[in-house]
Amino acid sequence: MADAIALEGLERRFGDRPALRGVSVRVGEGQTLAVFGANGAGKTTLLRVLATLLRPHAGSVSVLGASLPGEAWKVRGRVGFVGHEPLLYPDLTARENLLFHARLHRVDSARADRLLREVGIDGRAGDPVRELSRGMVQRLAAARAVLHDPAVLLLDEPRAGLDPAAAEHLEPLIGRASGRTRVLVTHDVDRGLREADVVLGLRAGAAELSGSNAAAADVRRLYS
Amino acid sequence: MIRPALAILRKDLRLELRTRESVPAMALFSLTVFVLFHFGLHRDSVDGAMASGVLWVTLLLATVLGVNRLFASEREGRALDGILLAPIDRTAVYLAKAAGLFLYLVLLELVAVPAFAILLLGPGLGGAFPELIAILLLADLGLAGVGALVSGLAAEARARDVVVPLLLLPLLVPVLIAAARATEPFLMSHAGPHQLAKWLGFLGVYDTVFLLLAVAVFDYLLED
């Protein structure tokens, strides 16, 4: 199986403070990498490097065969990102937001409308995002992330703020069933391990756990 | 590059129409400054160099307000990341922001210049319309080109309210000099000798240099 993501000795700093220290991991096409770690361990930084939003300072990073940061332009448009923030405009309606991103990604507007139905907010499509509930915004953010049918999904607590029914709506789009390569940052250890093919446990920016097998007890120790 | 730039511009204009946060603030600010000059100078009317200086300093300061808000919608909800993840040339962001600011300035001047003529200007503007429009448009191009560049530079800065005027105003001094000197003869009671071609040429060269410079460097400004 070809590697969709390959990191070797990845380092990233913010000023003098190291955020990622020599992280190495490989994820095959269609596999899910679950990333665990306490707050400030470097999980979000890792996702932002893979999304080409942050430059790596050392080591090698390859996403879908493109080397970052030099070939970042090859990766953009092939990854979908669901982060802590929705990357949406609060004063635009749900539909206007998706149509805007559809234009940037050269995607048919019909797909935007279909996704609004699939995430169950077509009834509120004409409402400004500012007036939607937290869960609805999260569902809309997921629709935005898969609008261009990305090969890789970068998910930072994608189910945060969602009730079980809403989370179910998203499963075909961002769950294992989507068939995409996924990097899933989560604090839900049991669910993360259930979904993972590869596990990465970060502590203070360094990989403390890495591989295809990890015990729940070892992962929970990352939070102590 | 043009297609995504138009998508971003359309989105920005829609947001401005909906929120009315930039142009009305710039226009109201200009009117307030004219009233302040009216009382502060303790004169019923001004003409010549004084009138030109008052008009252009006011327009420049109103531009700062617009530049400060140019990326405001992108900051909320980290919407800029959504654009940066798209497979587009990032220069499109610059072109859209510069075009948007240019339109804001034209709208501002549709209000501010007649208000200036009514509140402060002694001689009428009637005879100098074509020349004044040429000066305004060329100066607006420079203000918008440099304004969008500085706004992009300060988009993620914490102290952007301070950074924007400190960077922007010195860069705009040549525009102020050329626009004020070009406008001065047309704001006299009896139109004096002018060097319109020289100052329009100067503005044209300034606009070209800064637009080319901005197009060359803007991609790097949006890197982390």
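Report, by residue number, each residue of the stretch A:199-219 that is part of a strand (DSSP E or B), touching a residue at least 24 places away in the same chain (Cβ under 8 Å) and on the phi > 0 side of the Ramachandran plot. Within the stretch A:199-219, none qualify. The residue that is farthest from the other protein chains (Cβ to nearest Cβ), counting only those in the stretch A:50-76 that are of a type in the set (A, V, I, L, M) and over 15 Å from A:Ala4 (Cβ atoms), is A:Ala58.
The numbered conditions (1) surrounded by 15 or more Cβ atoms within 10 Å (Cβ to Cβ); (2) within 13 Å of chain B (Cβ to nearest Cβ) are all true for A:Ser109 except (1).
Inside the stretch B:38-89, residues that are within 22 Å of B:Lys11 (Cα to Cα) and without any contact (Cβ under 8 Å) to a residue 40 or more places away in the chain make up a count of 8.
Of the helices (runs of 4 or more DSSP H) lying entirely inside the stretch B:4-93, those containing at least 2 residues that are closer than 30 Å to A:Arg103 by Cα and within 10 Å of another protein chain (Cβ to nearest Cβ) span B:72-75, B:79-84. Report yes if some residue within the stretch B:122-143 is touching a helix residue (DSSP H, G or I) at 6+ places or on another chain (Cβ under 8 Å) and over 22 Å from B:Leu196 (Cα atoms); otherwise report no. Checking the stretch B:122-143: not a single residue is touching a helix residue (DSSP H, G or I) at 6+ places or on another chain (Cβ under 8 Å) and over 22 Å from B:Leu196 (Cα atoms).
Do the conditions hold for A:Gly135, that is, is it within 24 Å of A:Thr181 (Cβ to Cβ) and in contact (Cβ under 8 Å) with a residue 12 or more places away in the chain? In short, no. Restricted to the stretch A:119-156, and to residues there that are touching a His at 6+ places or on another chain (Cβ under 7 Å) and more than 14 Å from chain B (Cβ to nearest Cβ), the residue that is surrounded by the most Cβ atoms within 10 Å (Cβ to Cβ) is A:Arg139.
Read-outs throughout are calculated quantities, based only on the coordinates presented, and are distinct from any laboratory measurement. Note that the coordinates shown come from a computational prediction; the quantities given were computed from them, not determined experimentally. Counting neighbours? That spans all protein chains shown, and the Cβs are built from the backbone with ideal geometry, glycine included.
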